[in-house]
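Here's the structure, in structure tokens; my notes come after.
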Amino acid sequence: MAAPVCRQGLRPRVSGPRGGLAGRGAGPGFCLTPPPPQALSWSRQLPWTWSALHTSAVRAKNRAARVRVGKGDKPVTYEEAHAPHHIAHRKGWLSLHTGNLDGEDHAAERTVEDVFLRKFMLGTFPGCLADQLVLKRRANQVDICALVLRLLPAHKFYFLVGYSETLLSHFYKCRVRLHLQTVPSKVVYKYI
């Protein structure tokens, strides 16, 4: 016959030296062994196990991706001058693809690919990018549009364009085209 079981967590009852149940009041349904210590006890004996409610004033101010306002001597581009909530109103998307439509798969993979493409272009054209890249995905083709400063001779730009297109085409198993426009200096939209 199986040993009687306690109702508080299915622990067997403790038997006394005479074979009966130990202690007083050992009727049916009583457990004489103390419950095991809990790993996360909510008692106030341990200082780290209880929590208190802290309140502070709400500061609903979003400062992400914004250029700080200075004394009017900081040049900013058109993309930097407008806040992120103006996307699709005053400025366009920097990555154009159908991954964000309802029911489309692999949106996270496209985001990782976008980060890789931006870092690759930043390393391939060191100090030459005048503004953010615009990435466009059309069917089985990736177009990369960029404004480039005229810091290198033309033959080096041609080599870097061919190198980038060939290497990225092998990486992504699709056609990759670079559309570069050279500018003499960084295009300033306004001063903040």
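Below, the figures for the structure above:
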| read-out | value |
| --- | --- |
| Segment 127-150, residues that are crowded, with 16+ Cβ neighbours inside 10 Å, part of a loop (DSSP other than H, G, I, E, B), among the aliphatic types (A, V, I, L, M) and over 25 Å from the mean Cα position of the chain (by Cα) | A130 |
| Any chance T98 is under 30 Å from L129 (Cα atoms), under 31 Å from the mean Cα position of the chain (by Cα) and either modelled with pLDDT of 55 or more or loosely packed, with under 12 Cβ neighbours inside 10 Å (or both) | yes |
| Filter pass, V161 being within 30 Å of V76 (Cβ to Cβ), assigned to a helix (DSSP H, G or I) and out of contact with any Pro (no Cβ under 9 Å at 6 or more places or on another chain) | yes |
| Residues of segment 45-93 classified as over 17 Å from Q132 (Cα atoms), surrounded by 10 or more Cβ atoms within 10 Å (Cβ to Cβ) and either at pLDDT 80 or above or touching a helix residue (DSSP H, G or I) at 6+ places or on another chain (Cβ under 7 Å) (or both), total | 3 |
| Positions within segment 144-163 being of a type outside the set (A, V, I, L, M) and out of contact with any strand residue (DSSP E or B) (no Cβ under 6 Å at 6 or more places or on another chain), in sequence order | P153, H155, K156, F157, Y158, F159, G162, Y163 |
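The values are calculated or read from the model by the stated rules, or taken from the named source; none is laboratory data. Since this is a predicted model, take the numbers as computed values, not measurements. Cβ: placed from backbone, ideal geometry, glycine included. Neighbour counts: every protein chain shown.
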